[in-house]
Structures are given as C-alpha cells and as structure tokens.
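A.B. asks: I have a structure I would like to understand better, so I am pasting it below and will then ask my questions one at a time.
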Amino acid sequence: MITLHHLNQSRSKRILWLLEELGQAYQVKAYQRDKVSFLAPPELTAIHPLGKSPVIEHNGLVISESGAITEYLINQFASNQLAPEAGSADYVSYSQWLHFAESSAMLPLLLRLFVEKDGCKTNFMAGYADIEVAKVIGYLNASLEGKRYLVADKLTGADIMMSFVIELLAARGELAKYSNLERYYQQLKSHDGFIRAGKIEAQQNQ
C-alpha cells in the first residue's frame, strides 16, 4: 500500500493525479495549511524533517520531492505507460521536462509569489521574477506548438509534473494570451485521473 502525505493546495496534487493514473492501491493522509501563515502544519515534520509535502511511504521507504516520487512510482508501476522508452531521445526530453517543472519553472513563480506576499517595494527581485516568469511561459508555449503533450504524443510523468505549474498560471488568468498553453491545459483536464484527483483534493480540504 502506498501512503501519500498530502498537503492541501500544494505540489502534492501532482502525486494524487499520478496515483489515480497508476491504479495502485493507496491511501491519503491529509494535512491542512495554517489559515493565517499558509504554512504546512508541524505534524508533517514527523514524516520528513523538512515538514513539506508531498511525501510517500512505500515498502519501508519514505520518499520526498515530487519529481523523485514521480520517477519512483512510474519506474515501479508504469514505465511503459507513463514514460517513453528508456534510452530513447524522447526519454531524454521527458527527463528534462520532468525536472524543468521543479527547477526553471517553479523558481520564478515562487519568487513572484513571495514578493507579492511580502508587499514591499524591491530594488531587483520583483522585476527579475516577472522577466523570468515571462521566459518560462514563452518557452513552454513555443514548445507546445502543434503538440497535445510535452513528449511522445502521450501523457507522461512530465505532463503530470507540469500540471501544477499550468494550474498556477491558470489561476492567475495568464493562459488567455497563449493559445498553446490554454489548449494544453484543456488536454490535461480531459483526463479522468486529473478530474478524480481534483475531487479527492476537494474532499480532503473540507
């Protein structure tokens, strides 16, 4: 049995979707953000010292980091389904996109969020964050030209990892100017696993 330690409104939603696609037995242990600070509750530190989510437990392993969790679960249960053939050019592209989601894409989005939450005028950070977010959006939009998915014309772990980034952009109304991103978002939302994951997360937040 896989156990997902799931924090509401977090990257953990990616893993919910992935688990729904895998069809493996799993359970969710839900945690709620503090309503004032919006930080994760201290109970999560009992699972992992950083006190963040997602974290899974499986076969005696405790695994953190959504990219590592995605790679582990796909390699265990769906290497032929949710990843291209190992050693292929598509696999190299898949690996790059899978890690892009948590490195190049998320950093400027988080910087922008932190600047907005802080509410203070910055000498450098706000402008830098805006420029880098624009780069990410433009690059992603161009990369999806004429494509349904990021790699191999099928849903892979790279798309599941990127879904959180796309949802963040959609929540801010930033997809309307980018037809490829809007079309991609609709494609992701068409998957039953994506829909089920959203419903499960909503239930956990009640």
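The values are calculated or read from the model by the stated rules, or taken from the named source; none is laboratory data. These numbers come from a predicted model, not from an experiment. Positions of Cβ are backbone-derived with ideal geometry, glycine not excepted, and every protein chain shown enters the neighbour counts. Accessible surface is based on the protein model in full, side chains and every heavy atom, while ligands, DNA and RNA are left aside. Shrake-Rupley method; radii C 1.70, N 1.55, O 1.52, S 1.80 Å.
A.B. asks: Which of the residues belonging to the stretch 1-58 are in contact with a Ser or Thr (Cβ under 6 Å, 6 or more places away or on another chain) and of a type in the set (S, T, N, Q)?
C.D. replies: The answer is Ser10, Ser12, Gln27, Ser53.
A.B. asks: Moving on. Looking at the stretch 189-206, I want the residues that are farther than 14 Å from Ile15 by Cα and touching a residue at least 60 places away in the same chain (Cβ under 8 Å) and have a partner that is open to solvent by 70 Å² or more (accessible area, probe 1.4 Å) and of a type in the set (Lys, Arg) with Cβ atoms under 8 Å, at least 6 apart or on another chain. Which pairs are those?
C.D. replies: none
A.B. asks: Residue pairs, Cβ under 9 Å, 6 or more apart or interchain, first in the stretch 7-25 and on the phi > 0 side of the Ramachandran plot, second among the hydrophobic types (A, V, I, L, M, F, W, C) and assigned to a helix (DSSP H, G or I). List them.
C.D. replies: Gly23/Phe77
A.B. asks: Say we look at the stretch 9-29 and pick out the residues that are under 13 Å from the mean Cα position of the chain (by Cα) and open to solvent by 10 Å² or more (accessible area, probe 1.4 Å); which of these is nearest to His48 (Cα to Cα)?
C.D. replies: Looking at residues that are under 13 Å from the mean Cα position of the chain (by Cα) and open to solvent by 10 Å² or more (accessible area, probe 1.4 Å), I get Arg11.
A.B. asks: Please count how many residues of the stretch 39-52 are in a loop (DSSP other than H, G, I, E, B) and open to solvent by 80 Å² or more (accessible area, probe 1.4 Å).
C.D. replies: Total meeting the criteria: 4.
A.B. asks: If you don't mind, another one. Condition test on Leu39, is it modelled with pLDDT of 95 or more and of a type outside the set (Val, Ile, Thr)?
C.D. replies: Considered against the rule, which asks whether it is modelled with pLDDT of 95 or more and of a type outside the set (Val, Ile, Thr), Leu39 comes out as no.
A.B. asks: Right, next: Can you give me the number of residues within the stretch 108-145 that are over 17 Å from Glu182 (Cα atoms) and over 19 Å from the mean Cα position of the chain (by Cα)?
C.D. replies: 17
A.B. asks: Further question: Just wondering, is there one or more residues in the stretch 33-42 that are basic (Lys, Arg) and closer than 17 Å to Glu102 by Cα?
C.D. replies: Checked against the condition, which is being basic (Lys, Arg) and closer than 17 Å to Glu102 by Cα, the stretch 33-42 yields no hits at all.
A.B. asks: Which pairs do you get when a residue that is within 17 Å of Ser12 (Cβ to Cβ), found in the stretch 32-43, comes within reach of a residue that is at pLDDT below 85 and open to solvent by 100 Å² or more (accessible area, probe 1.4 Å), reach meaning Cβ atoms under 6 angstrom, with the pair 6+ apart or on two chains?
C.D. replies: If the second residue must be at pLDDT below 85 and open to solvent by 100 Å² or more (accessible area, probe 1.4 Å), no pairs are left.
A.B. asks: Moving on. When the stretch 53-80 is examined, which residues are found to be in contact (Cβ under 8 Å) with a residue 24 or more places away in the chain and either more than 25 Å from Leu144 (Cβ to Cβ) or part of a loop (DSSP other than H, G, I, E, B) (or both)?
C.D. replies: Ser53, Pro54, Val55, Ile56, Glu57, His58, Glu65, Phe77, Ala78
A.B. asks: Would you mention how many residues in the stretch 53-82 are aliphatic (A, V, I, L, M) and either open to solvent by 60 Å² or more (accessible area, probe 1.4 Å) or over 24 Å from His5 (Cβ atoms) (or both)?
C.D. replies: 2
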